[in-house]
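Chemist: Quick one: the structure is below, questions incoming.
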Amino acid sequence: MKYLVSGAAGFIGSHLSHKLAAEGHEIIAIDNFSDYYDVNLKKLRVDKLLTPLRVKVLNVDISEKKAIDELIASSKPQIVINLAAQAGVRLTTDQIHRYVNSNLVGFSNVLQSTVSNEIPYFLYASSSSVYGDQAAIPYSEREQNLHPNSFYGATKLANELLTPTIVKNSSTIARGLRFFTVYGPWGRPDMAYFRMIANVLSGSDFTLFGDGSIERDFTYIDDAVHLVIELSRELERKKPGYSDLVNIGGGRPLSMTYLLKNINKISKSKVKFKSQYSDSNDVKKTMSDSKYIQTLIGSKPETRLEDGINKTYQWAMQSEISSELNNWVKSVQ
């Protein structure tokens with residue numbers, strides 16, 4: 001199969017492209033190498049995960065419509081997986097244009113070009129952030145009471161609303177992937193687990209928002225990638241014009257305090273942190289209802305946080321990684 005993966009130098013995108021290439025698929029990988037965090041981390045992902053498998057990442061920005069149209073029209077992939085996005089929930093008001101350019105303009109460019117070129121399958125990254133604090137726990141894909149706490153979450157909800165309107169009368173089949181706190185080696189330095197590990201290994205600053213009671217449904221990167229691939233294959237059973245949403249989470253919410261304790265235990269050290277009031281963009285608890293994904297493909301994320309964090313810590317201890325952790329954390333915009 002020929003896949004086009006946007007955001008291929010990002011965390012999930014690099015792992016997904018690696019796995020697909022290892023399985024023998026042809027990958028058209030694109031990324032704009034945004035400076036939201038250190039571009040060198042993205043380049044290192046490419047060097048370590050993609051270059052050995054002869055996957056070349058093209059420098060393409062999805063907000064540039066002409067470039068996207070030309071690329072999709074000329075390459076004619078069978079599956080487009082749009083993972084490119086401005087991530088994070090804490091960008092200030094004067095940086096909202098980053099969300100608009102990538103998550104709204106860029107997303108609509110990829111979606112429109114995919115449908116116009118009659119690409120059979122379109123998968124895209126959504127987020128547990130669409131649920132907000134008013135949705136019932138556990139979060140179900142059938143939930144209608146969606147009120148995102150953040151502008152980021154609102155852009156992801158907009159993607160979910162836009163997609164069916166374009167796909168319904170087309171030859172394309174679409175699926176939104178609601179990721180729940182994906183973590184692991186080569187992760188994003190704006191995320192709490194990454195910053196905690198960087199704190200104990202390199203002494204970088206870590207700020208704990210709130211009292212540590214915030215809970216997240218953590219999903220290990222290998223599980224996330226496996227499930228995305230299985231969900232892409234399952235779409236072959238659907239008819240053109242079909243569109244749905246799938247939670248990618250295991251349904252085991254754990255607190256920031258629990259995460260801290262695990263990293264303390266693994267590192268035989270102690271995370272030193274500054275406390276700050278809760279961020280209004282953060283939801284209090286995320287928990288996936290995994291019934292639908294199990295109905296579709298018979299599985300859900302299974303890696304325990306304790307095991308996944310240990311693997312991540314072992315990765316971070318490598319000299320070429322540990323020496324860069326502080327720089328990566330400091331680089332976050």
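The values are calculated or read from the model by the stated rules, or taken from the named source; none is laboratory data. Everything quoted here is computed from the prediction, not taken from an experiment. Note: ideal-geometry Cβ built from the backbone for every residue, glycine included; neighbour counts use all protein chains shown.
Chemist: Considering Tyr277, Tyr220, which residue is closer than 30 Å to Ile119 by Cβ and either among the hydrophobic types (A, V, I, L, M, F, W, C) or touching a residue at least 12 places away in the same chain (Cβ under 8 Å) (or both)?
Modeler: Numbers: Tyr277 fails: closer than 30 Å to Ile119 by Cβ.
One residue alone meets the criteria, Tyr220.
Chemist: Using the structure shown, decide if Ala73 is of a type in the set (Gly, Ala, Ser), in contact with a strand residue (DSSP E or B) (Cβ under 8 Å, 6 or more places away or on another chain) and either over 25 Å from Asp190 (Cβ atoms) or not in a helix (DSSP H, G or I) (or both). Steps first, please.
Modeler: Values: of a type in the set (Gly, Ala, Ser): yes; in contact with a strand residue (DSSP E or B) (Cβ under 8 Å, 6 or more places away or on another chain): no; either over 25 Å from Asp190 (Cβ atoms) or not in a helix (DSSP H, G or I) (or both): yes.
In short, no.
Chemist: Another question, then. Scan the range 300-328 and report the pairs whose first residue is at pLDDT 95 or above and assigned to a helix (DSSP H, G or I) and whose second residue is loosely packed, with under 14 Cβ neighbours inside 10 Å and of a type in the set (Gly, Ala, Ser), with Cβ atoms within less than 8 Å and a gap of 6+ or a chain change.
Modeler: Asn326/Gly203
Chemist: State whether one or more residues within the range 84-96 are basic (Lys, Arg) and assigned to a loop (DSSP other than H, G, I, E, B).
Modeler: So the first thing to find is which residues in the range 84-96 are basic (Lys, Arg), and the list is 90.
Okay, now just the ones that are also assigned to a loop (DSSP other than H, G, I, E, B), so 90.
Yes, that holds for at least one residue.
Chemist: Out of all the residues in the range 148-199, which are in a loop (DSSP other than H, G, I, E, B) and free of Cβ contacts under 8 Å to residues at least 60 places away in the same chain?
Modeler: Taking the range 148-199 first, the residues in a loop (DSSP other than H, G, I, E, B) are 148-150, 168-172, 180-181, 184-191.
Passing the criteria: Pro148, Met191.
Chemist: Mind listing just one residue for me: the one in the range 210-258 that is more than 16 Å from the chain's Cα centre (by Cα) and basic (Lys, Arg) and, of those, surrounded by the fewest Cβ atoms within 10 Å (Cβ to Cβ)?
Modeler: The extreme case among them is Lys239.
Chemist: Please determine whether any residue of the range 62-83 is aliphatic (A, V, I, L, M), closer than 24 Å to Asp282 by Cα and within 17 Å of the chain's Cα centre (by Cα). Spell out how you get there, then give the answer.
Modeler: Our first condition is that a residue be aliphatic (A, V, I, L, M); within the range 62-83, this holds for 62, 67-68, 71-73, 79-81, 83.
Adding the requirement that they be closer than 24 Å to Asp282 by Cα leaves 83.
From the residues that got through so far, the ones that are within 17 Å of the chain's Cα centre (by Cα) too are 83.
Looking for residues that are aliphatic (A, V, I, L, M), closer than 24 Å to Asp282 by Cα and within 17 Å of the chain's Cα centre (by Cα), one finds at least one in the range 62-83, hence yes.
Residue by residue, here is whether (1) free of Cβ contacts under 8 Å to residues at least 60 places away in the same chain; (2) over 28 Å from Ser17 (Cβ atoms); (3) in a helix (DSSP H, G or I) holds:
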residue: Gly212; (1), (2), (3): yes, yes, no
residue: Arg216; (1), (2), (3): no, no, no
residue: Lys265; (1), (2), (3): yes, yes, yes
residue: Val283; (1), (2), (3): no, yes, no
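Chemist: Sort through Leu235, Leu296 and tell me the only one that's under 25 Å from Ser129 (Cα atoms), touching a helix residue (DSSP H, G or I) at 6+ places or on another chain (Cβ under 9 Å) and not in a loop (DSSP other than H, G, I, E, B). Please lay out each step first, then the result.
Modeler: Details: Leu235 fails: touching a helix residue (DSSP H, G or I) at 6+ places or on another chain (Cβ under 9 Å).
Residue meeting the stated conditions: Leu296.
Chemist: What's the number of the only condition in (1) farther than 20 Å from Leu157 by Cα; (2) in a strand (DSSP E or B); (3) not basic (Lys, Arg) that Asp35 fails to meet?
Modeler: (2)
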